[in-house]
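The values are calculated or read from the model by the stated rules, or taken from the named source; none is laboratory data. Keep in mind that this is a model prediction, so the values were computed, not measured. All Cβ positions, glycine included, derive from the backbone under ideal geometry; neighbour counts span all protein chains shown. Just so you know, the surface numbers come from the protein's heavy atoms only, side chains and all, with ligands and any DNA or RNA stripped out. Shrake-Rupley method; radii C 1.70, N 1.55, O 1.52, S 1.80 Å.
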Amino acid sequence: MRGFGELETEIMDRVWSADAPLLVRDVHATLRPERAYNTVLTVVEILYRKGWLSREKDRRAYRYRATVSREQYTANLMGEALAASTDRAATLRRFAESMDPAEVDELRAALEQARAGETR
């Protein structure tokens, strides 16, 4: 898994932030700077073919929704970054050192939930 490109990221941000599945024209209308409609359509279709988006027919068009949450995508990227390290403990320490105290508390709570087998 690799990170999204610039336009892919912008499109996924719109889809993740939406309350309901979006038409390509809905995504296109919110992008700044404005992009060509066909470019947005092409990238949405690429995201669909890669499995990041699902779609449902809406008359002559499709509505798209994300297949994974933003949080799951980010967690997967973090997992890959950690897997690339030769010293996982040192990498985790460095990451924790870069966090502010409130984030450390959130991480501590998440670790305690994970240890107890809970999920949010």
Fill in the blank from the handout: Within the range 32-44, the residues that are farther than 30 Å from residue 84 by Cα and open to solvent by less than 70 Å² (accessible area, probe 1.4 Å) are 35, 36, 39, 40, 41
Practice task
Considering only the range 60-80, state which residues are modelled with pLDDT of 95 or more, hydrophobic (A, V, I, L, M, F, W, C) and in a helix (DSSP H, G or I).
Solution key: none
Practice task
For residue 29, work out the one condition from (1) under 30 Å from residue 83 (Cα atoms); (2) out of contact with any Lys or Arg (no Cβ under 8 Å at 6 or more places or on another chain); (3) not β-branched (Val, Ile, Thr) it doesn't fulfil.
Solution key: (1)
Exercise for the section: Say whether the condition of being open to solvent by 80 Å² or more (accessible area, probe 1.4 Å) and assigned to a helix (DSSP H, G or I) is met by at least one residue in the range 84-91. Expected result: yes
Exercise for the section: Working only within the range 19-47, note down all residues that are among the charged types (D, E, K, R) and either on the phi > 0 side of the Ramachandran plot or under 18 Å from the mean Cα position of the chain (by Cα) (or both). Expected result: 19, 45
Exercise for the section: Return yes when residue 48 is touching a helix residue (DSSP H, G or I) at 6+ places or on another chain (Cβ under 7 Å) and open to solvent by 70 Å² or more (accessible area, probe 1.4 Å) and no when it is not. Expected result: no
Handout entry: Residue list for the range 98-120, filter: touching a helix residue (DSSP H, G or I) at 6+ places or on another chain (Cβ under 8 Å) and open to solvent by 80 Å² or more (accessible area, probe 1.4 Å)
Key = 119, 120
Practice task
Return the residue satisfying two criteria in turn: it lies in the range 6-20 and is out of contact with any helix residue (DSSP H, G or I) (no Cβ under 8 Å at 6 or more places or on another chain) and not in a helix (DSSP H, G or I), and of such residues it is surrounded by the fewest Cβ atoms within 10 Å (Cβ to Cβ).
Solution key: 19
